[in-house]
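The values are calculated or read from the model by the stated rules, or taken from the named source; none is laboratory data. The shown structure was predicted, so the numbers you read here are calculated from the model rather than taken from an experiment. Glycine gets a Cβ as well: all are built from the backbone with ideal geometry, and neighbour counts include every protein chain shown. Heavy atoms of the whole protein, side chains included, go into the accessibility calculation; ligands, DNA and RNA do not. Shrake-Rupley method; radii C 1.70, N 1.55, O 1.52, S 1.80 Å.
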Amino acid sequence: MDILKECAVKFCALLDKSYFIIAGHKGKKIEIDLRFQEDHFFHIVGLHKLSDLKDFYANRNKRNILHCILSGEMTYSDIQKSVYFDEIKRRLDFFVMIEEILDSNDIVLKFNQNICR
């Protein structure tokens, strides 16, 4: 299967799930309630970084782009044509394992509290 479509299929499997993550370090606790919506896919896999493909995105909303990928209208080979493709390739390579990563007990978080202030 096309890796972009595989990412989209894996993403859709997460739409009805919620992940509640509790992490702690040195007596401080953070809680993350992680939920996915169709229009999040565009940014999560980095398609927004492919600015030279804006002609394809121009008349589509982010949810519609997910459906274009699922239908095969937009493929991995299409996005490989972008000069910015190397910026997102690793995201796609890892995203195909997103559910396994989230379901594992081996998640390591790096949290910079200064950014959230």
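Hey, what D do you get for segment 31-86 in µm²/s if you plug the Kirkwood alpha-carbon radius into Stokes-Einstein at 37 °C and 0.692 mPa s?
It diffuses with D of about 273 µm²/s by this estimate.
Quick one: Kirkwood hydrodynamic radius for the chain, alpha-carbon pairs, angstrom, one decimal?
The answer is 15.8 Å.
Please find the FRET efficiency linking Asp16 to His43, where r is the Cβ-Cβ separation and R0 is fixed at 25 Å, and quote it to the nearest 0.05.
Efficiency computed from Cβ-Cβ geometry: 0.80.
Relative to the longest principal axis of the chain, what angle (0 to 90°, nearest 10) does the C-alpha long axis of helix 62-71 take?
For 62-71 against the chain, the angle is about 60 degrees.
Restricting to Cα atoms and excluding each atom paired with itself, what does the Kirkwood estimate give for segment 7-63 in Å?
After inverting the pairwise mean of 1/r, the radius is 13.6 Å.
Nearest 10 degrees, 0 to 90: what angle lies between the long axis of helix 3-13 and the longest principal axis of the chain (Cα atoms)?
Compared with the principal axis, the helix lies near 50 degrees.
Write down the radius of gyration of segment 58-102 and its Dmax, each obtained from C-alpha positions, in Å.
So, for segment 58-102, Rg and Dmax equal 12.1, 34 Å respectively.
Taking Cα centroids, how far is segment 43-109 from segment 1-34 in Å?
16
Could you work out the relative contact order of the chain, using alpha carbon pairs under 8 angstrom and six or more residues apart, expressed as a whole percent?
Relative CO of the chain lands at 32 percent.
Percent of accessible area on the chain owned by carbon and sulfur, 1.4 Å probe?
50
How far apart, in nm, are two points set 7 Å out from the Cα along the Cα-to-Cβ line at Asn59 and at Lys28?
The answer from the label model is 5.0 nm.
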